[in-house]
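Before any comments, here is the structure.
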Amino acid sequence: MIAVSNPLLQWSYVTQNIGTILSALARQAELTVIAVVLGFAISLPLGVLVWRYAKARPAVLGFAGVLYTIPSLALFALVQPIVGYFSTTAAEIPLVSYTLLILVRNILAGLDGVPDDVREAARAMGYAPLAQLLRVDLPLALPSIFAGLRVATVTVVGLVTITTFIGQNVLGQLITQGFEQTYNSPIVVALVLSIALASVGDLLFVGLERVTVRWGRSSRSPA
């Protein structure tokens, strides 16, 4: 009787609540994009800085590691009194902070992985440090950087769900609704859409990596 009255998914729930579902999905995607973009904007110069100045690496990675280990609900609760309750900023600060360790580590791994002979050849060709960074080091580090972006995106998609507890209209609201009503359909819909959103983000970066890395190799190849 329980299986009949509360099936895993009722399509009538989807059709009757399509507006609510799409609104939650759009907000989930929006918060994810903002967090990954801001996280990368912070992590790229920070990663380059600690790569140049190795003495700063333990401090930066240690701080990013501490942020990453703070339970998400606790961090959301701590931020709200400072930046405002139920605000986008209160959601984004923790989300961005969780990307830093992932992205900085991968940026460093990519830059550390550039062969020394390639750098020596660039210097022999007269590249200034900034030109070498932009035209040699970062292009060769792209595979590792994109790997970090993929992991960060999937991580953030999952964490955004929790922002429902600070008033964000995301897929987590459907999960909460399902638990409160002992109703499987909204939970299943939220889980499927979260996985789909993470998969789309991952595939977008895979495609962008293929195009960018191929273009970078072509631009450096002899005419």
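Within region 169-186, the set of residues being under 15 Å from Ala29 (Cβ atoms) and of a type in the set (Val, Ile, Thr) comprises Val170 only.
A residue that is under 22 Å from Ile166 (Cβ atoms), outside any loop (DSSP other than H, G, I, E, B) and either hydrophobic (A, V, I, L, M, F, W, C) or without any contact (Cβ under 8 Å) to a residue 60 or more places away in the chain (or both) cannot be found anywhere in region 49-58.
The residue that is surrounded by the most Cβ atoms within 10 Å (Cβ to Cβ), counting only those in region 70-81 that are free of Cβ contacts under 8 Å to residues at least 60 places away in the same chain and either over 10 Å from Ile166 (Cβ atoms) or of a type in the set (Lys, Arg) (or both), is Leu75. Would you check if there is a residue in region 106-116 being on the phi < 0 side of the Ramachandran plot, in contact (Cβ under 8 Å) with a residue 40 or more places away in the chain and of a type in the set (D, E, K, R)? Yes, that holds for at least one residue.
Listed here are the residues, each with its yes/no results for (1) surrounded by fewer than 19 Cβ atoms within 10 Å (Cβ to Cβ); (2) within 21 Å of the chain's Cα centre (by Cα); (3) more than 18 Å from Gly65 (Cα to Cα).
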{"site": "Val83", "(1), (2), (3)": "yes, no, yes"}
{"site": "Ala90", "(1), (2), (3)": "no, yes, yes"}
{"site": "Thr99", "(1), (2), (3)": "no, yes, no"}
{"site": "Pro115", "(1), (2), (3)": "yes, no, yes"}
{"site": "Val118", "(1), (2), (3)": "yes, no, yes"}
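Apart from one condition, Ala90 fits all of (1) under 20 Å from Ala198 (Cα atoms); (2) touching a residue at least 40 places away in the same chain (Cβ under 8 Å); (3) of a type in the set (A, V, I, L, M, F, W, C); the exception is (1).
Quick note: the coordinates plus some simple rules give every number you see, no bench work behind them. Just so you know, these numbers come straight off a predicted model, no measurement behind them. Using ideal geometry, Cβ is built from the backbone for each residue, glycine included, and neighbour counts are taken over all protein chains shown.
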